[in-house]
Amino acid sequence: MSIKDQRIQFDIPQDIVYLNTSYMSPLLKDVSEAGRNAVDQKSRPYQVKPIDFFEPLTHLKSLFARLIDCNQPERIAMIPSVSYGIATVIKNITLQKGDEILTLAEQFPSNIYGWQRLAKESGATLISIAKPEVQNNIGKQWNENILDAITESTAVIAICHTHWADGTLYDLKAIREKATSVNALLIIDGTQSVGALPFSVQEIQPDALICAAYKWLLGPYASGLAYYGPFFDSGKPIEENWSNRLNSENFSGLTTYEERYKPFANRYNMGEQANFIAIPMLTKAIEQLLEWTPEAIQTYCREISIDALKKLEELVCTIESEAYRGHHLFGIKLNPAISLEALKSEFEKRKIFVSIRGAYIRVSIHLFNTKEDLNALVDAVNYVFENK
Ligand SMILES: Cc1ncc(COP(=O)(O)O)c(C=O)c1O
C-alpha cells in the first residue's frame, strides 16, 4: 500500500524543511493532544484508579509487540532511555577473560559505555568493527567484516539495525545465524530504525532489542521500550520497584512484601513505569505507526528521495547503495570541493534541518516530508558547489 504525505498530521510550518527525525521527531498533533489531556488529568487525581497504574502500559506493550512482530507482549519492558535498557542487559551477563564483545565503529555511546565498563571489570575484550576504508560498497564490506569477526570467542554482539550516523543497514538475519552458531548473545539498539524500518523479533530472534521513543516511535522524550528474550527471564533488574512484583495490583497488600517478580520482562520495567503522560502519548504514536506500517514508510521515503539522491551523486557526493541503507536515514558524504561551513550557513538561511556527522550530512525523513523538501536540500548543495 502506498501512502501520501502526512504533513497535515504534524505541526511543521511550511517554510521549515525538517530532515532530522534521527535527531528528534516532531509529535503528531494527536500525540500532542494526548499529552495535554494527560497533563490536565493530573489535576484530577481522584479520577485515577489503581488499575490505571497497569492497564495502559499492558496495552502499550501489546501495540509495541505487534510493531516488532513479537507474540509475547510480556517480554516488553518500559524504560526511560537506551542506556537504562542496556544497563539491564549488562547486569545480567557474566563474562570472562578471553570473551569478546563486538560493537561497531562510532556506535552511539549509550550502547558503548556500559560495555566498556563490563570489559574492564571482567577482562573481556571490547572490539569495535571499523567502517571499511573503501570507496564503494562500504556497507557490503562492513557487513562481511562483522560476520568474519564473529568467532568462538564472541560472547556478545551489541549493535544496531541502521547506524545512527550514516544509516548503514546491517544484515541482522545473517548476523543472528552466525551468533547462534557460536552461542553469542545479540543485543540490538533499535532507536534509529524501529518504527520506520520493519523489524521482526520472530525472524531475527534478538536476545534484547532496546528502543528510545523520541525518534522513529514518534513518542515523547525520556521514555522507551525494550524487548528481552528468554536468556533474561530469571535475571535481576537494576532497581527494585513495587510494581514489578507479583500481586502489586492489590494496593492494600503492598507491605506484604513479595519475593516473586511478575513473569518475563516485567521485572525490568523502570520505576514509576505507569508514566501517566508518556504512556498515552506513545500509545497514540504507535497506533498510528501500526496503521501506516513501517513497510509503507520505507516505500514512501524511497519514493520521495530517490531522484534527489541521484542528483546528489551527480554532484559527486557519495551515498551508500540501496541494499545497505535505510530509506528513512542515510548519510551523504560530501564532494570534498563543497565547503561544510558554507553549506551549514546555506542550510541555516534556507531553514533546512539536517545533522552534520563528521564528513557526512545525515538526512532522515518521514511521512511529513515531500519531494520538495529533498529538492530544497539538493538546491542548497548545488548552490554551494557552484559558488565554491
Ligand atoms: C542509536 C541511538 N541510540 C540511543 C540514543 C539515545 O540514547 P539514550 O536513550 O540513552 O539517551 C540515540 C540518540 O541519538 C541514538 O541515536
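The values are calculated or read from the model by the stated rules, or taken from the named source; none is laboratory data. Everything quoted here is computed from the prediction, not taken from an experiment. Don't worry about glycine lacking a Cβ; one is built from the backbone with ideal geometry, like all the others, and counts go over all protein chains shown.
Kindly indicate the residue of region 11-27 that is out of contact with any strand residue (DSSP E or B) (no Cβ under 6 Å at 6 or more places or on another chain) and of a type outside the set (Gly, Ala, Ser) and also surrounded by the most Cβ atoms within 10 Å (Cβ to Cβ) among those meeting that condition.
Going through region 11-27, the residues out of contact with any strand residue (DSSP E or B) (no Cβ under 6 Å at 6 or more places or on another chain) turn out to be 11, 13-16, 24-25, 27.
Now drop any that are not of a type outside the set (Gly, Ala, Ser), which leaves 11, 13-16, 24, 27.
Numbers: ASP11: 12, PRO13: 7, GLN14: 6, ASP15: 7, ILE16: 13, MET24: 11, LEU27: 21.
Of everything passing the filter in region 11-27, LEU27 is surrounded by the most Cβ atoms within 10 Å (Cβ to Cβ).
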Filtering region 153-169 down to residues that are in contact (Cβ under 8 Å) with a residue 60 or more places away in the chain, part of a loop (DSSP other than H, G, I, E, B) and more than 10 Å from the ligand (Cβ to nearest atom), which residue is surrounded by the most Cβ atoms within 10 Å (Cβ to Cβ)? GLY167
Which residue pairs have Cβ atoms closer than 7 Å, lie 6 or more positions apart in sequence or on different chains, and pair a first residue in region 172-194 that is under 12 Å from ILE210 (Cβ atoms) with a second residue that is among the polar types (S, T, N, Q)? ASP189/ASN111; GLN192/SER22; GLN192/THR162; SER193/THR162
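Counting only residues that are within 11 Å of the ligand (Cβ to nearest atom) and not in a loop (DSSP other than H, G, I, E, B), which one in region 206-225 is nearest to SER181 (Cα to Cα)?
Top of the filtered list is ILE210.
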If you take the residues in region 298-320 that are under 21 Å from ASN382 (Cα atoms) and of a type in the set (Ser, Thr, Tyr), which one is modelled with the lowest pLDDT? THR318
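Going residue by residue through region 258-271, is there one that turns out to be part of a strand (DSSP E or B) and not hydrophobic (A, V, I, L, M, F, W, C)? Don't jump to the end; show me each part of the working.
So the first thing to find is which residues in region 258-271 are part of a strand (DSSP E or B), and the list is 261.
Going one step further and asking which of them are not hydrophobic (A, V, I, L, M, F, W, C), we end up with 261.
Scanning region 258-271, I find at least one residue that is part of a strand (DSSP E or B) and not hydrophobic (A, V, I, L, M, F, W, C), so the answer is yes.
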Residues of region 191-205 satisfying the condition of being out of contact with any His (no Cβ under 6 Å at 6 or more places or on another chain) and within 12 Å of the ligand (Cβ to nearest atom): THR191, GLN192, VAL194
Within region 343-353, does at least one residue satisfy the condition of being over 18 Å from ARG7 (Cα atoms), under 27 Å from the mean Cα position of the chain (by Cα) and crowded, with 17+ Cβ neighbours inside 10 Å? yes
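Residue by residue, here is whether (1) under 17 Å from TYR214 (Cα atoms); (2) in the same structural domain as LYS344 (by TED's automatic domain parsing); (3) within 16 Å of the ligand (Cβ to nearest atom); (4) small (Gly, Ala, Ser) holds:
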site	(1), (2), (3), (4)
ASP15	no, yes, no, no
THR21	yes, yes, yes, no
ASP40	no, no, no, no
LYS49	no, no, no, no
ASP52	no, no, no, no
HIS59	no, no, no, no
SER62	no, no, no, yes
ASP69	no, no, no, no
GLN72	no, no, no, no
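Out of PRO50, PRO45, I need the residue that is touching a residue at least 60 places away in the same chain (Cβ under 8 Å) and of a type outside the set (Asp, Glu). Which one?
PRO50
May I ask you to list the residues in region 28-38 that are out of contact with any strand residue (DSSP E or B) (no Cβ under 7 Å at 6 or more places or on another chain) and not small (Gly, Ala, Ser)? Can you show your working first?
Step one: filter region 28-38 for residues out of contact with any strand residue (DSSP E or B) (no Cβ under 7 Å at 6 or more places or on another chain), giving 30-38.
The answer is ASP30, VAL31, GLU33, ARG36, ASN37.
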For the structure I just gave you, tell me whether THR370 is modelled with pLDDT of 95 or more and of a type in the set (Ser, Thr, Tyr). yes
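From SER128, SER83, SER122, grab the single residue that is within 14 Å of the ligand (Cβ to nearest atom) and either among the charged types (D, E, K, R) or farther than 15 Å from PRO206 by Cβ (or both). Break it down stepwise before answering.
Values: SER128 fails: within 14 Å of the ligand (Cβ to nearest atom); SER122 fails: within 14 Å of the ligand (Cβ to nearest atom).
Every option except SER83 fails the conditions.
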How many residues are closer than 18 Å to PHE231 by Cα, among the small types (Gly, Ala, Ser) and assigned to a helix (DSSP H, G or I) if we restrict to region 67-118? 2
Test of understanding: among PRO80, PRO109, PRO73, which residue is closer than 15 Å to GLN273 by Cα and not β-branched (Val, Ile, Thr)? PRO80
Suppose the filter is modelled with pLDDT of 95 or more, of a type in the set (Lys, Arg) and either over 30 Å from ASP148 (Cβ atoms) or more than 16 Å from the ligand (Cβ to nearest atom) (or both); does LYS29 pass it? yes
